[in-house]
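A short write-up of the structure that comes next.
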Amino acid sequence: MYDVEKSLGFLLAKAYQRAFALFKAELETYDITPPQLGILLFLWQEDGMSQVELSEKSQVDRTTLGGLIDRLEKNGMVERHPHPHDRRAHQIRLTAQGKALQAPLTVCSQRSLAKLTAGLSEAEVNDLIRML
């Protein structure tokens with residue numbers, strides 16, 4: 001008999017739900033969601049990407065990404081600027097506030113990850129990262 005509760009798909013979905021809940025709880029103080037944090041992470045690596053570039057790197061569809069950027073913009077973390085080489089596109093740039101959040105949100109992220117992996121050794125965490 002097939003045990004759905006031990007299936008890889010079910011367990012991965014449950015791991016995602018748990019990780020999302022942990023990150024969400026850590027980020028509530030900053031009024032930011034885990035998907036919005038994901039966008040900020042990419043911008044902290046390379047500020048000024050176009051929405052298309054962000055969509056490709058984050059693997060978030062353009063419509064969903066537009067909503068995430070709208071919320072980050074409304075909260076003063078990013079701004080849209082005309083793209084210097086493509087008049088149809090915008091560059092997404094971090095504001096001073098968006099840049100200043102890198103350190104505290106990184107700490108939140110590290111705390112969440114520590115909670116998520118609390119029962120694993122460092123070698124097991126590295127193996128999990130490699131496998132994923």
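Ranked by the mean number of other Cβ atoms within 10 Å per residue, highest first, peptides 53-65, 37-49 order as 37-49, 53-65. Residues whose amide H lies under 5 Å from that of Gln91, counting only those 5 or more places away or on a different chain, are His81, His83; hydrogens are built 1.01 Å from N in the peptide plane. Legend: helices of the chain (whole DSSP H runs) are marked when their alpha-carbon atoms reach 20 angstrom or more along the helix axis and their mean Kyte-Doolittle hydropathy is at least 0.5; marked are 8-27.
How much mean residue ellipticity at 222 nm does the chain get from its helices, if each DSSP H run of length 4 or more adds -39500 (n - 2.57) and you divide by all residues, to the nearest 500 deg cm²/dmol? Don't skip to the end; give the middle numbers.
Values: 7 runs with 83 residues, N = 132.
Theoretical 222 nm ellipticity from helices: -19500 deg cm²/dmol.
The gain in end-to-end length when the Glu73 to Met131 segment is fully stretched comes to 17.4 nm, 0.36 nm per residue minus the alpha carbon separation. Report the net charge of residues surrounding Gln97, where surrounding means a beta-carbon distance below 14 angstrom and charges are Lys +1, Arg +1, Asp -1, Glu -1. It works out to a net charge of 0.
Spin-label pair Asp86-Phe42: with each label point 7 Å from Cα along the Cα-Cβ axis, the two points sit 1.2 nm from one another. Arg130 sits among other residues whose Cβ lies under 13 Å from its own Cβ, and their net charge, with Lys and Arg +1 and Asp and Glu -1, is -3. Across the stretch 17-62, the relative contact order, built from alpha-carbon pairs under 8 Å that are at least six residues apart, equals 24 percent.
Inverting the pair-averaged 1/r between distinct Cα atoms of the chain gives 16.5 Å as its Kirkwood hydrodynamic radius. The mean sequence distance of close C-alpha pairs (under 8 Å, at least 6 residues apart), as a share of the length of the stretch 6-132, puts its relative contact order at 26 percent. Counting only Cβ charges, +1 for Lys and Arg and -1 for Asp and Glu, the dipole size of the chain around its Cα centre is about 220 debye.
No lab work stands behind these numbers, since they all come straight from the coordinates. Fair warning: this is a prediction, and the values are worked out from it, not measured in the lab. With ideal geometry, Cβ positions are generated from the backbone for all residues, glycine too; neighbour counts draw on all protein chains shown.
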